Every structure is written in C-alpha cells, then in structure tokens.
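The values are calculated or read from the model by the stated rules, or taken from the named source; none is laboratory data. No experiment lies behind these values; they were computed from the predicted model shown. In this analysis, Cβ positions are derived from the backbone assuming ideal geometry, glycine residues included, and neighbour counts consider all displayed protein chains. Accessible surface is based on the protein model in full, side chains and every heavy atom, while ligands, DNA and RNA are left aside. Shrake-Rupley method; radii C 1.70, N 1.55, O 1.52, S 1.80 Å.
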Amino acid sequence: MSKIKSNHVFTSESVSEGHPDKVCDRISDAILDACLMQDPASRVACETLTTTNLIVISGEITTDAQVNWQQVALDAVKDIGYNQPGIGFSAEDAKVMVAVHKQSEDISMGVSRPDQGAGDQGMMFGYASNETPELMPATIIYAHKIVEEFARIRKSDPLAAKLLRPDAKSQVSIRYIDGKPAAVESVVVSHQHAPEMEMDYLKDLVKKVVKKVIPAQLLNDDITYFVNPTGRFEIGGPHGDTGLTGRKIIVDTYGGVGSHGGGAFSGKDPSKVDRSAAYFCRYIAKNLVAAGLADKCEIQVAYAIGVAQPLSINVDTYGTGKLASDADLEKVVREVFDLRPAKIVETLQLKYPGKTWCYADTAAYGHFGRDIFPWEKCDKGAELLAAAAKYPSL
C-alpha cells in the first residue's frame, strides 16, 4: 500500500447574485455592457455603492453610447430579485444617484494608440487544475454551484419565490488526499428569507441542492451542515450591509487557491489589464492543463501602464509539469500566446459581448469555470503540444 503524502482540508466560499457586493458588481457590469453594445471603443471604470434603498453610480466613463444609467441599474436590481417593496432595498423603492466623469487623458494616451499599452501597472494571475471537469478548484466550483442552484430554485419554484430572498452565501470544505479532492467535510449555507419561513424547509433544501450539484463520490453521511447558523436571516442585501463593486475578488477567481494580483474585474472595460489579462491568464493555464502539460498550473504576467508587452511571464506547475520544464513552458507560452493588451482583446473578442455572453453574466457565480465565456475555450492544445515538443522531455 502506498503511503499518503498529504492530507488536508481546504475551504472556499461563494456568494449569491443578491449579496450586496454582487448587486454592485452586476450594476457596474450592466452599465459596461450597455456602453460596449453601442460603442465598442467605450472606456469604462464604473463603481457602484448600494445601501438601504440607495444606489450610487460613480467612476470614469468615456463613450458615445446613450445610456440611461438609472434604468440600467434598476433593471439589474429587478432581475436579481429585489422587486418586493418595503423590505429595505428594491427596484421599486431605491433612488439612484449618478456621479460619472470621463477617463483621465493621462491614461487615455497609453491605451488609445495603435500599439495599445496596458491601462495600468500590476500583476495578474490565472489558474487551472484537473481536479474537476471545469478545470477549477473543487471547493470554489461547488460553492458557486450551491448558490447558483438556490437562485434557480428561487426564480422557478413558487414556494421558494415566496420564502427565499436574494442574499445568500455558501462555503464548502473538502478533504484533499495526495492533492486530489476526496470528501466533503462541511457545508455552510446562509440564505436570506421571509419571516414566515420555517428553518426545516431551508435545511432540507440545502441537502437536496448539495446532493444535486456535488459529485456523489465526494459526499458521505459524516458531512457537517451549518444552515443559517445565527438562527434567522431576514434582513439582508444592501439593507443589511452596504455593498461595493469589486469587493469579492477571491469569490470571483479561485476561492483562495493560487495567487491573486489584487485587481477587481467588474465595471472595467477590457483595456484594463486587471480584467482582460486575468482572463487571458486563465485561458493560458486552462489550455496547458487541458493539453496534459500539467495537472495544475498558475500563470503570472506583469505590465507597466502604457506599455504593450508584459514585463514578465511566469509559469508554475507546482511540480506537476509534463514534457517540458516550467522554464521551457514559459517559452511555449510566449510562442503560442500574444499577451499584448490589444491582442488579448482581439483573441477573446472582449469588446463585443451580447451574442452568447455579456459582462453582467460574470458578476455572480465566478468569472471562471463556466463555458459560456470565451476565455474558457480549450482550443490551443495542438499548438501547445507542438511547441513543447521542441524542448527536452522532463
């Protein structure tokens, strides 16, 4: 019998589309979509704040699009499910304040020329792992699936629509043995609800949802469930906690697995490498893992504002690389992928949402791990393998 090399528990959390910060992400991205659909050259850095029956939209927006900011915001709130008057935050009761101005000319100089430079300095990361079909860490993908399934139930089942409200959180802890997910240890779900809801209803629903979205081989009779552990969760959403755009960066990415450059995504047009380069790094990492060149992989790139070529590219396969070393895989990445900001936008068609996806779709349940997005394509395997074959085998 082989000896177990590692045995540990890792945890990730997700939050629903009705979480106050996610409401803000959704509004900011809905505004971005509205601008890009009319004017693909729009420069958008939209920040939103929400609190009790108040939405504040601010930031830098340079666009030829004609957008009713207030209506876009209220439509987003209504679609999330905050449409019941008198609960502290709803599309019917909320007031919208707008404080928007144009993008700084100092930034515009660097991103508007033919050899489009990066919209800011910084480092961005992308990650992939073969531990799930989505090539994502198991803890975050299943945490997402729990709150996403609750949202589907809330919007489709009449009883759930009456008893459940949009704000929710999930948390999944999984035991890993030799680097692979082996068993779910605990699940936490906190879900906003109407005063008349009985807690047994929610507890039963949590177990049904978990059984549906998490593979059976990870489930067992010893899972510990924590459902609304404070007892009740009636006051929620922006009425219970002020929301801000870009405050759930770990939920948005890999649930704490790997590294994070610190930049948020929502409300930013693709000239901002905080967003576009992070998407492209995921694209690279996912293709490397999908091609069988590593079991897991993290890509880091760094940029200087106004400079097109990345300052550095780093590949880390955590010792799981195959066919080529990490140093050689860096050369492979440089050969196969063009990391100049304009080329990233062109490759992923990031200026043209609206046909099969839009930026508002990213605002909840993770920016990664869902095949509707162009950065989730696995279409570079043959090129990567051909490039890797030029280097000595490991």
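Some observations on this one:
- Considering the range 178-197, the residues that are at pLDDT 95 or above, open to solvent by 30 Å² or more (accessible area, probe 1.4 Å) and over 20 Å from Glu13 (Cα atoms) include one that is farthest from the chain's Cα centre (by Cα), namely Glu196.
- Thr356 fulfils the conditions (1) open to solvent by 60 Å² or more (accessible area, probe 1.4 Å); (2) part of a helix (DSSP H, G or I) except for a single criterion, (2).
- Which numbered condition Gln66 misses (of (1) within 21 Å of Asp269 (Cα to Cα); (2) surrounded by 15 or more Cβ atoms within 10 Å (Cβ to Cβ); (3) not hydrophobic (A, V, I, L, M, F, W, C)): (2)
- Once the range 313-344 is narrowed to residues that are in contact with a helix residue (DSSP H, G or I) (Cβ under 6 Å, 6 or more places away or on another chain), part of a helix (DSSP H, G or I) and open to solvent by 10 Å² or more (accessible area, probe 1.4 Å), the residue that is nearest to Gly246 (Cα to Cα) is Val336.
- For Lys78, the stated conditions do not hold, so it cannot be described as surrounded by fewer than 16 Cβ atoms within 10 Å (Cβ to Cβ), at pLDDT 95 or above and touching a Leu at 6+ places or on another chain (Cβ under 7 Å).
- Criterion (within 20 Å of Ala302 (Cα to Cα), surrounded by 15 or more Cβ atoms within 10 Å (Cβ to Cβ), among the β-branched types (Val, Ile, Thr) and at pLDDT 95 or above) met by exactly one of Val251, Val209, Val227, Val257: Val257
- Residue match in the range 47-56 (condition: β-branched (Val, Ile, Thr), surrounded by fewer than 17 Cβ atoms within 10 Å (Cβ to Cβ), modelled with pLDDT of 95 or more and within 26 Å of the chain's Cα centre (by Cα)): yes
Yes or no, residue by residue, for (1) at pLDDT 95 or above; (2) of a type in the set (A, V, I, L, M, F, W, C); (3) in a strand (DSSP E or B); (4) surrounded by fewer than 24 Cβ atoms within 10 Å (Cβ to Cβ):
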site: Arg247; (1), (2), (3), (4): yes, no, no, yes
site: Gly261; (1), (2), (3), (4): no, no, no, yes
site: Phe265; (1), (2), (3), (4): yes, yes, no, no
site: Ser271; (1), (2), (3), (4): no, no, no, no
site: Ala277; (1), (2), (3), (4): yes, yes, no, no
site: Cys281; (1), (2), (3), (4): yes, yes, no, no
site: Leu293; (1), (2), (3), (4): yes, yes, no, yes
site: Ala302; (1), (2), (3), (4): yes, yes, yes, yes
site: Ala308; (1), (2), (3), (4): no, yes, no, yes
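- When the range 124-167 is filtered for residues that are part of a loop (DSSP other than H, G, I, E, B) and open to solvent by 20 Å² or more (accessible area, probe 1.4 Å), the ones remaining, listed by number, are Asn130, Glu131, Pro133, Glu134, Leu135, Asp157.
- Taking the criterion of being closer than 23 Å to Lys155 by Cα and part of a loop (DSSP other than H, G, I, E, B), the residues of the range 53-85 that qualify are Asn53, Gly81, Tyr82, Asn83, Gln84, Pro85.
- Residue check, Asp361 under 20 Å from the mean Cα position of the chain (by Cα), modelled with pLDDT of 95 or more, within 16 Å of Pro270 (Cβ to Cβ) and surrounded by fewer than 18 Cβ atoms within 10 Å (Cβ to Cβ): yes
- For first residues located in the range 51-71 and within 26 Å of Gly119 (Cα to Cα), partners that are open to solvent by 30 Å² or more (accessible area, probe 1.4 Å) and acidic (Asp, Glu) and lie 6+ apart or on another chain with Cβ distances below 8 Å form the pairs Ile57/Glu47; Ser58/Glu47; Gly59/Glu47.
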